[in-house]
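Scroll down for the structure; my scribbles are underneath it.
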Amino acid sequence: MTDAPSSSAPGAVRLNKRMAELGLCSRREADLWIEQGWVKVNGQVALMGVKVTPEDRVEVDRKAHGHQATQVTILLHKPMGYVSGQAEDGHEPAVMLINPRTHWREDPSTNRFSPPQLRGLAPAGRLDIDSVGLLVLTQDGRVARQLIGEDSGIEKEYLVRVTWSPPGSGPGDKGDIATDVQKVFPPAQLARLRHGLSLDGQPLKPARVDWQNPEQLRFVLTEGKKRQIRRMCEQVGLKVVGLKRIRIGRVVLGNLPAGQWRYLGPHEKF
């Protein structure tokens, strides 16, 4: 005799949410596995929408792990002019660049492109249309959760070319300083970029911000609000004229050419 899930008990949550919290898969994947009959709760095949508590025993069939093993994660050097997600305003989504012709010839992976790899392939995080650099697209819900889940603290590193409008000058004034910005930009404003700014009424987490060269800042963030770096810079009189993401966690863009992609290797971890 097996116990039924404790669906009415205090603290019960939907099974797909519990599976995601356990790091087994994404909620969407959990629903697929439940639908296929690959998930048991307390020894019984789980039904869609069932609720469970931490005391309930969740088991996953080996077929689900086999399905997960075939999922790919792709690293793309996104060029300017492509949107990260759905097509908008006539601009193509970055996933359109994933095809055999744009696969980087120096990719060390033994994986070979096949059309099923595009099924459910989605960006794990965004990169603005006018920004370039490392974009992760994945079929694997575990990777997506790690990079963009509510509790994600993965570092993302950017090189940001800027100009500065000194106080009193309007946007677009000829007074914008574009060379040796580091020399004239006030250290107190650099300190504000590191910690002290708010967006959308919420204080931002501390960031690492340093001069990479006289016209370029290096940002390391652990959050990803919409157009965050551009909006941070605006608050201290800087204008972003170029933005490139070069690292996510322990994975770097490296020599991957613009418009090309490679597979995340089996030994690479974010």
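Observations
- The alpha-carbon atoms of the chain define a convex hull whose volume equals 167 cubic angstrom per residue.
- The apolar share of the surface of the chain, taken as the fraction of accessible area on carbon and sulfur atoms (1.4 Å probe, ligands and nucleic acids excluded), comes to 51 percent.
- Relative contact order, whole percent, for the range 44-202 stands at 20, derived from Cα pairs under 8 Å and 6 or more residues apart.
- √(5λ) per eigenvalue of the Cα gyration tensor, the range 82-160, largest first, Å: 20, 17, 14
- Mean separation of Cα pairs under 8 Å and 6 or more residues apart, divided by the residue count, gives the range 137-244 a relative contact order of 36 percent.
- In whole angstrom, the range 56-103 maps to an equivalent ellipsoid with semi-axes of 34, 15, 8, each derived as √(5λ) from the alpha carbon gyration tensor and ordered largest first.
- Among the trypsin sites (Lys or Arg not before Pro) found in the range 1-108, those both in a DSSP coil and sparsely packed, with 11 or fewer other Cβ atoms within 10 Å of their Cβ, are R105.
- Couplings 3J(HN,Hα) for the range 74-83, derived from phi with the Karplus relation 6.51 cos²θ - 1.76 cosθ + 1.60 (θ = phi - 60°), are 10, 9, 10, 8, 6, x, 5, x, 10, 8 Hz, where x marks Gly and Pro.
- Links that overshoot a 25 Å alpha carbon limit, given the list K17/K244; K17/K78; K63/K225; K244/K269: K17/K244; K17/K78; K63/K225
- For the chain, the solvent-accessible area of protein heavy atoms averages 55 Å² per residue (probe radius 1.4 Å; ligands and nucleic acids excluded).
- Sparse-neighbour loop sites [trypsin sites (Lys or Arg not before Pro); the range 174-270; at most 11 other C-beta within 10 Å; DSSP]: K174, K226, R250, K269
- Of A178, A188, A94, the one that fluctuates the most in a GNM where the chain has Cα springs shorter than 10 Å: A188
- Pairs of Cα atoms nearer than 8 Å and 6+ residues apart set the relative contact order; for the range 192-270 it is 19 percent.
The values are calculated or read from the model by the stated rules, or taken from the named source; none is laboratory data. Because the structure is a prediction, the values reported are computed rather than measured. Cβ sites come from the backbone with ideal geometry, for glycine too, and all protein chains shown count toward neighbours. Side chains are part of the model used for accessible areas, which takes the heavy atoms of the whole protein and leaves out ligands, DNA and RNA. Shrake-Rupley method; radii C 1.70, N 1.55, O 1.52, S 1.80 Å.
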